[in-house]
Every structure is written in structure tokens, then in C-alpha cells.
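Below is one structure, written out as C-alpha cells, with a few remarks after it.
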Amino acid sequence: MKLYLGSNVKIKATGSFGTVTQSNGHACKIRGVWFHQDEVEQLSCMGSGPYHARFQQTMLRVKDPKVSVPFYENNFGMKLIHWIDFPQWKFTVYFLERPREGQEVPSCTMQKTGLENERYLFSMSNATLELTHNHGTEMDDSYKVWNGNTGMDGDGLNYAEEPAFRGFGHVAFNCDDVYEACARLEAAGVKFQKKPDEGRMKGLAFALDPDGYWVEIVRREKLGWPEYYNLSQTMMRVKDGPASVEFYTKHLGMTLLRRMDKPEYGFSNFFLASLQPDELEAALSQDPENSHAAGFDATQPNGLTRVLWNTCLELTWNHGTEKDPNFKVHDGNAQPQGFGHIGFILEDLEAACEKMEAEGVVFKKKPKDGNMRNLAFAYDPNGYWIELTDRKASFSGVCANY
């Protein structure tokens, strides 16, 4: 095992987490103390699949980062880990993670970040929320993002003249007790789209962030985790469920955890995650619903999403849309705007994109296009933008703040 600077590890003797700040090939320094490499366990920063991709971000446009960043920090335990300022293009992006307790994260404030933060961002094993601020929106009284849940296909208060069809739906956090969590959020002044006992689905809730995005609050199994919340999912509506699952498993190495069909309601949900084999095995051993004695079958009921720390991609497929030539999800980048993309970090970006293109994947931006050579944007089967970033990427010299 070779430990690099910035590697996330667990100290075997104590179970605490940390980040490697020095390494000599045989030992590493974590939080000021040296450990032999046999005394630590490297936490996964790679997924599986041909490019070792890892689900790493969900991008949401926000009106005012000085409001949105503290909202997620104060209410959901997230931490600002990096931000990148591009004044030449008049926008700044802020990355928030819910790290494990005791995990060492480079210091970052709204005033200062640096190369160490960037290295951490592109070698991490967790996923982030990327909040994108287009300069000046905080002073524009008419500016409002699209939260993803209104459109001509919406019902009641969710009906709107545009877009024709909805796309992105929400992000979610898991917790031990949804009712207690919602009481805490309400006491802190957080507004709700749905409280736990409202509507058809009891026991889950949807809070509203400062921009009106829906934040689902979901119950997890009580595993003794000290973290009150974990960032658990990003939901997107898709035109063709099976075709979308094939794209994310084949090209981005995601694992289908659960296919949940609801024919009585006319939809199916698919839950996928970036997992290494040991992560999947650990989750299977903790599954409260299924012993998996006959092997893992994602079509059978299971509780894996309630025992995983990893952020899942939830794809919602309304049956019949795959046969409708006029149906196309709204990707969030045409008007009205809100959600922008999801993103993955991977190895050898140029080679990965060349192979993906040869296999029929269509690109909005290839690695050598434009001013940012360290990233690409592919289209998934629904037209969503998928950001692909090389783990060795750096925007130093392009951005203004480091």
C-alpha cells in the first residue's frame, strides 16, 4: 500500500480518521503523529469500472453563498473544503463536504483556500455539494433558481408554465431519527416542503434550503455513527431507467444497489453508488433487511442505502416516458436554471474520454476544449451534463484566488 499526501486513512488502533500530511514510503504523518503503513487503513478514493471513477459532486446554482454555505454548515454539519474564483467568467464555486468525525480536512474559510484544499478535493472519497454563485445575483431582487420540481408535468402547486418536463429533484441527508431532526431544523428556522407525517409517504420529510431546493430527510439504521447526518443521495428523473442504469454502471463504474419498482404508482427508483468491493461487502454484512445468503440481487428488497456512508445517485423513472418521443428531462442549464450537473473524479481523463467516445458517449466539452483542460463534460442518455475531472487537476493560474 502506497500512501500519498492527502490520502484519507483510518488509524486501526483507535478507529479515528485522518489525512496524510507527510510520507516517506514506509510511514506517514497524521495529525502530527507518525504511523507505520501497517498501522493505518487507506480509505477508498476510487470507485470501480474502467476509469476508477468516483461520484464526487452535485452542482447547484445559488443566489448568495454567504447565506447558502452557512445554511448547510450550521444545519447539516457540512464543511467548506474549497472554493475557486473565476472573475474572468464572473462566477465562483464553493465545495461542501460532510466529513467523518475526526477526519482531518485542510483549513478553509470564505476568505482563504489553497492548493492543499484543491488536492484534497480531487482525491477525496466522499461527495460534495458544489454551490455555484454567478456574481451579482445576491443583489438582484428578481433572481430565483429553479428547484427542479416545478413544470408543466407537475401537479398542484408544482405546476408551472416552464419547463415542459422536470429533471433534478433533490439532495438528501440520512439521520437516525427523522422526527427529531425535523424538530431541530424547524427550531432553527428552516422551512419545509413536507413534514414527516404529511402526505402519502410517512416518516420522511423535505426541508427547503435558502434557494428553495428540496432537501430530503431520510432515516438510516442506528449504527452508532457520531455524525448526525450523512449526505446520502442526489435524485434525478430519467426518461429510460434501464438505459440510464447501464450508462452509469458501464462507463462510470457505479454499482446498482436497489431497483425498487412501484407499478401501482407507475414509477421505479434505482439507487446507485460508487463503491469498491470491500465497501459493498461491508454494507451487505450490515443490511437489516436481507442476509444476501443466496448472493446480492439488486432487484430484491434491501436496506443498503440506510447503512452506507456513500452518497447515492437515485434515478426516478416514470413508466412510459421511454416511449414518448416528446419527453425530455430539463437539464437545468437551459432556462429556467438551478441544478447544473453531477460530477465524477477519475484517472487519466484524456484516455478515459477517448474510450468513452469510441463507445458512443457524446461530449459537450472534451478535455482539450476551452480554457479548462483538466475537465470534460459528457452527456448521459437523458441529456444531463456529467462533469469528469482528472484527479491530478489543478486550476491554479486559471482561477484568481490561489
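The values are calculated or read from the model by the stated rules, or taken from the named source; none is laboratory data. The model shown is predicted, which means the values in this text are computed figures rather than measured ones. When we count neighbours, we look across all protein chains shown, and the Cβ atoms used for this are built from the backbone with ideal geometry, even at glycine. The area values use the complete protein model at the heavy-atom level, side chains included, leaving out ligands, DNA and RNA. Shrake-Rupley method; radii C 1.70, N 1.55, O 1.52, S 1.80 Å.
Is it fair to say Tyr179 is among the hydroxyl-bearing types (Ser, Thr, Tyr) and in a helix (DSSP H, G or I)? Against the criterion (among the hydroxyl-bearing types (Ser, Thr, Tyr) and in a helix (DSSP H, G or I)), Tyr179 qualifies. Here Leu96 fulfils each of the conditions (1) without any contact (Cβ under 8 Å) to a residue 40 or more places away in the chain; (2) open to solvent by 10 Å² or more (accessible area, probe 1.4 Å); (3) not charged (D, E, K, R) apart from (2).
Every condition in (1) polar (S, T, N, Q); (2) surrounded by 14 or more Cβ atoms within 10 Å (Cβ to Cβ); (3) farther than 19 Å from Lys239 by Cβ is met by Asn318 except one, and the failing one is (3).
Based on this model, can you work out whether Glu161 counts as within 16 Å of the chain's Cα centre (by Cα) and either open to solvent by 10 Å² or more (accessible area, probe 1.4 Å) or at pLDDT 95 or above (or both)? It is false that Glu161 is within 16 Å of the chain's Cα centre (by Cα) and either open to solvent by 10 Å² or more (accessible area, probe 1.4 Å) or at pLDDT 95 or above (or both).
To keep it simple, each residue is scored yes or no on (1) open to solvent by less than 50 Å² (accessible area, probe 1.4 Å); (2) more than 22 Å from Glu97 (Cβ to Cβ); (3) under 24 Å from the mean Cα position of the chain (by Cα).
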{"position": "Gly154", "(1), (2), (3)": "yes, yes, no"}
{"position": "Leu157", "(1), (2), (3)": "no, yes, no"}
{"position": "Phe168", "(1), (2), (3)": "yes, no, yes"}
{"position": "Val171", "(1), (2), (3)": "yes, no, yes"}
{"position": "Ala183", "(1), (2), (3)": "no, yes, no"}
{"position": "Ala188", "(1), (2), (3)": "no, no, no"}
{"position": "Lys202", "(1), (2), (3)": "no, yes, no"}
{"position": "Ala207", "(1), (2), (3)": "yes, no, yes"}
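Of the set (1) surrounded by fewer than 17 Cβ atoms within 10 Å (Cβ to Cβ); (2) touching a helix residue (DSSP H, G or I) at 6+ places or on another chain (Cβ under 8 Å); (3) without any contact (Cβ under 8 Å) to a residue 60 or more places away in the chain, all apply to Glu138 but (3). If you filter segment 109-135 down to residues that are open to solvent by 20 Å² or more (accessible area, probe 1.4 Å) and of a type in the set (A, V, I, L, M, F, W, C), you find that the one that is nearest to Leu80 (Cα to Cα) is Met110. Restricting to segment 95-139, give me the number of residues that are part of a strand (DSSP E or B) and over 23 Å from Leu349 (Cβ atoms). The number of residues fulfilling the criteria is 4.
Within segment 222-250, the residues that satisfy the criterion of being touching a residue at least 24 places away in the same chain (Cβ under 8 Å) and farther than 27 Å from Ala53 by Cα are Lys222, Leu223, Pro226, Tyr228. Residues that are open to solvent by 50 Å² or more (accessible area, probe 1.4 Å), in a loop (DSSP other than H, G, I, E, B) and modelled with pLDDT of 95 or more were ranked within segment 370-396; the one that is farthest from Gln88 (Cα to Cα) is Pro381.
Considering the conditions (1) open to solvent by less than 40 Å² (accessible area, probe 1.4 Å); (2) within 30 Å of Gln276 (Cα to Cα), Glu73 is excluded by exactly one of them, (1).
Looking at the structure I just gave you, is Thr14 in a strand (DSSP E or B) and of a type in the set (Val, Ile, Thr)? Show your work before the answer.
Values: in a strand (DSSP E or B): no; of a type in the set (Val, Ile, Thr): yes.
Answer is no for this residue.
Note on segment 358-369: among residues that are open to solvent by 50 Å² or more (accessible area, probe 1.4 Å) and not in a loop (DSSP other than H, G, I, E, B), the one that is farthest from Gly253 (Cα to Cα) is Lys364.
Among the residues making up segment 209-234, those that are open to solvent by 20 Å² or more (accessible area, probe 1.4 Å), charged (D, E, K, R) and in contact with a helix residue (DSSP H, G or I) (Cβ under 6 Å, 6 or more places away or on another chain) are Arg219, Glu221.
Of the residues making up segment 321-357, those that are modelled with pLDDT of 95 or more, surrounded by 13 or more Cβ atoms within 10 Å (Cβ to Cβ) and part of a loop (DSSP other than H, G, I, E, B) are Phe327, Lys328, Val329, His330, Asp331, Gly332, Asn333, Pro336, Gln337.
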